[in-house]
Ligand code: NDP
Ligand code: 1BO
Ligand code: 1BO
């Protein structure tokens, strides 16, 4: 068992985690998937009013220009660029060696930034431009993992990004990547919450020193765990909100965490997670919820049951679930 899983009090008040590169990633960041036209206001509110220093976005979210406006407003309000940690992601249609640099430059332009703190491979599956959901025959292409990673490494050398990492990897894919990587991924971003603990990936990452960021920490909008009776019972006992308990649970596991909200009050609520702890017994209760399942299994994006190359979600996740 990884140290953090064994000792959930160790990271209780970590405001930052240190990456392999030495860079620090703030433990709480603002998610921006499905923030739409509210993204600029959410980002600015989070940074200037609520004290966030970490924002997670992606080309695929279609909000980067809005996020960029929010970042610009925050910087105009006096927050220094170097105090912010901005993450974006390489989308599946750009998952080819000759498209990586172009994709990051487009992202930087949309965000009005000259570097990213972290650039992630969004999903380890390459899609044809304009692929349908679910994909039609021939729309899921071969992914040159080693070739793309080499280009990602070049982005670090060129100073366009400080750290690189992956999302939605399995232990199998991580082991393959590590065989050829010259720069080990600093971060692996994966779905994690008490309803999908994903202990296997957490432990694999810890073994290699790869930091984990937990996405959909509240169970996303599809499985809103803020109404789960186990979570609400612990929240009532600790006099905290269910969202705060879910976010704190993630930090106590040694992961950074990127809750998304479009609402000012919730954005503020979601970072009030310091100077208190989830006691061991309650942490264990949260860590033994039986109904373990992913919210984002990737099926709609990558599975074509008749033509493949991935005919089931089990295949996407290398039969590790
Ligand atoms: P979250 O688990 O963050 O949940 C977001 C939902 O919870 C929204 O419906 C939000 O509504 C609601 N919510 C937010 N705060 C509270 C609160 N205090 N009380 C009750 N409800 C609340 O889901 P996401 O899937 O958005 O994950 C977070 C982020 O992770 C994403 O936004 C994205 O940045 C990243 N991500 C990355 C993925 C990847 O493949 N790498 C995949 C999925 C997510 P409202 O906005 O109305 O407040
Ligand atoms: C559509 C991509 C899933 C959220 O990151
Ligand atoms: C639109 C995202 C769905 C992932 O399975």
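So the check is Cβ under 7 Å with 6+ separation or different chains; which pairs have a first residue in the range 281-307 that's touching a residue at least 24 places away in the same chain (Cβ under 8 Å) and closer than 19 Å to residue 92 by Cα and a second one that's part of a helix (DSSP H, G or I) and more than 8 Å from ligand 3 (Cβ to nearest atom)?
298/313; 298/316; 299/313; 302/316; 303/313; 303/316
In this structure, is residue 288 out of contact with any strand residue (DSSP E or B) (no Cβ under 6 Å at 6 or more places or on another chain) and at pLDDT below 95? Give the steps one after another, and end with the answer.
Values: out of contact with any strand residue (DSSP E or B) (no Cβ under 6 Å at 6 or more places or on another chain): yes; at pLDDT below 95: yes.
Yes, satisfied.
List pairs: first in the range 217-240 and touching a residue at least 60 places away in the same chain (Cβ under 8 Å), second in a loop (DSSP other than H, G, I, E, B), Cβ under 6 Å, 6+ apart or cross-chain?
219/195; 220/295; 222/295; 223/295
Mind listing just one residue for me: the one in the range 108-134 that is more than 16 Å from ligand 3 (Cβ to nearest atom) and exposed (fewer than 14 other Cβ atoms within 10 Å of the Cβ) and, of those, farthest from residue 316 (Cα to Cα)?
Here the answer is 114.
Name every residue in the range 108-131 that is within 16 Å of ligand 2 (Cβ to nearest atom), part of a strand (DSSP E or B) and in contact (Cβ under 8 Å) with a residue 60 or more places away in the chain, in order of residue number.
Those that are within 16 Å of ligand 2 (Cβ to nearest atom), part of a strand (DSSP E or B) and in contact (Cβ under 8 Å) with a residue 60 or more places away in the chain: 118, 120, 127.
Scan the range 59-100 for residues that are more than 17 Å from residue 143 (Cβ to Cβ) and in contact with a strand residue (DSSP E or B) (Cβ under 6 Å, 6 or more places away or on another chain) and jot them down.
85, 86, 87, 88
Exactly one condition in (1) farther than 22 Å from residue 188 by Cβ; (2) away from ligand 3 (no atom under 16 Å from the Cβ); (3) assigned to a loop (DSSP other than H, G, I, E, B) is not met by residue 234; state its number.
(3)
Looking only at strands (runs of 3 or more DSSP E) that fall completely inside the range 156-220, which ones have 3 or more residues that are farther than 28 Å from residue 284 by Cβ and within 18 Å of the chain's Cα centre (by Cα)?
Output list reads 161-167.
Just to be sure I understand, how many residues within the range 132-147 are away from ligand 2 (no atom under 16 Å from the Cβ) and touching a helix residue (DSSP H, G or I) at 6+ places or on another chain (Cβ under 7 Å)?
Here the count works out to 4.
The values are calculated or read from the model by the stated rules, or taken from the named source; none is laboratory data. A quick note: this is a predicted structure, and the numbers were derived from the prediction, not measured. In this analysis, Cβ positions are derived from the backbone assuming ideal geometry, glycine residues included, and neighbour counts consider all displayed protein chains.
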